[in-house]
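Below: the structure, in structure tokens.
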Amino acid sequence: MNQRPPGSSLPLSSAIEGFLQYKIAEALNPRTIECYKRDLTQWLAYVGDLSMPKLTTDKIRAYLAYMRTDYKPRRIMGDNSLPLSPKTLRNIYVSLSAFFTWAQDEFKIDHPMRSIPAPKFHIKAVEVFTKEDIEALLKACDYCKEAQATKTRKYTMRRATGKRDHAILLFLLDTGLRASELCSLRIGDVDSSTGKVDIRHGIGGGAKGGKGRVVYLGMVARRSLWRYLADRADGKDASAPLFLGKFDRPMNRDGLRQLINSLGERANVKHCYPHRFRHRRSPHE
């Protein structure tokens with residue numbers, strides 16, 4: 001009596017659920033799992049809930065071609081008429097490949113992506129902020145755009161989040177932290193007397209690969225952070241989030257990205273995003 005191979009009748013939706021559970025058990029970074037889930041759910045919607053053996057190389061190649069040429073992105077920010085970037089296409093490929101690598105080990109099936117080359121992309125050199133850029137961004141933290149109450153009278157108002165935003169910019173400039181690392185910080189992770197900042201090990205620290213480390217703040221950044229925390233009722237609570245977003249909730253990656261982008265628009269500094277602060281000029285330049 002012939003036995004069908006394990007997983008031969010398993011629908012794709014169930015296989016994806018099993019893959020994600022496996023990656024969660026591996027203690028993978030939640031951000032990585034979130035990306036896997038997004039890419040695989042999008043693929044499922046396109047290809048349908050087929051059984052595993054029907055997911056052939058030709059079907060995967062057709063999907064990657066669709067994402068490259070015909071897919072219409074739905075971006076929260078940015079131009080939706082633009083196609084997906086080469087890096088995004090590469091990330092989709094990586095998610096599908098990781099899924100089939102797991103499925104090959106789990107069900108002993110052939111890996112249908114072995115003959116599909118990974119999409120190529122070139123890493124663009126990131127332009128560092130100039131001294132003038134930084135000055136403009138810091139100024140944008142403090143004041144709203146100029147408004148006009150009457151035909152003759154103009155005025156500017158201080159921003160309610162100015163102290164926080166000022167501290168965030170100086171923090172990023174001094175440390176070059178990743179967005180996830182900054183958003184994971186607690187007040188107790190910063191030693192205000194020495195400027196020592198502990199990026200905690202593990203998922204809770206937000207570090208890539210879960211590897212913690214130590215970075216340092218300069219005096220100006222420490223002073224700015226003190227001014228921000230002095231206005232907070234929980235400013236001395238070591239377990240409280242270091243930076244708060246809307247409704248006094250912990251700052252998250254999306255909120256940080258929107259904040260930096262908004263400051264860039266007000267300061268007339270193009271291409272402002274958190275990762276750009278990781279590329280800084282040498283202090284000797």
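Rule-based calculations on the coordinates, nothing more; no lab input. Every value quoted in this text rests on a predicted model; they were computed, and no experiment measured them. We place every Cβ from the backbone using ideal geometry, glycine too, and count neighbours over all the protein chains shown.
Listing for the model above:
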quantity	calculated
Candidate aspartates and glutamates - alpha carbon under 19 Å from Lys37, same-chain residues fewer than 8 apart omitted	Glu17, Glu26, Asp49, Glu106, Asp254
Ranked packing of 20-29, 163-172, 190-199, most packed first, by mean Cβ within 10 Å	163-172, 190-199, 20-29
Inter-part distance where the range 88-130 and the range 207-249 are each reduced to a Cα centre, Å	35 Å
Candidates per GluC sites (Glu not before Pro) in the range 100-144, loop by DSSP, up to 15 other Cβ within 10 Å	Glu127
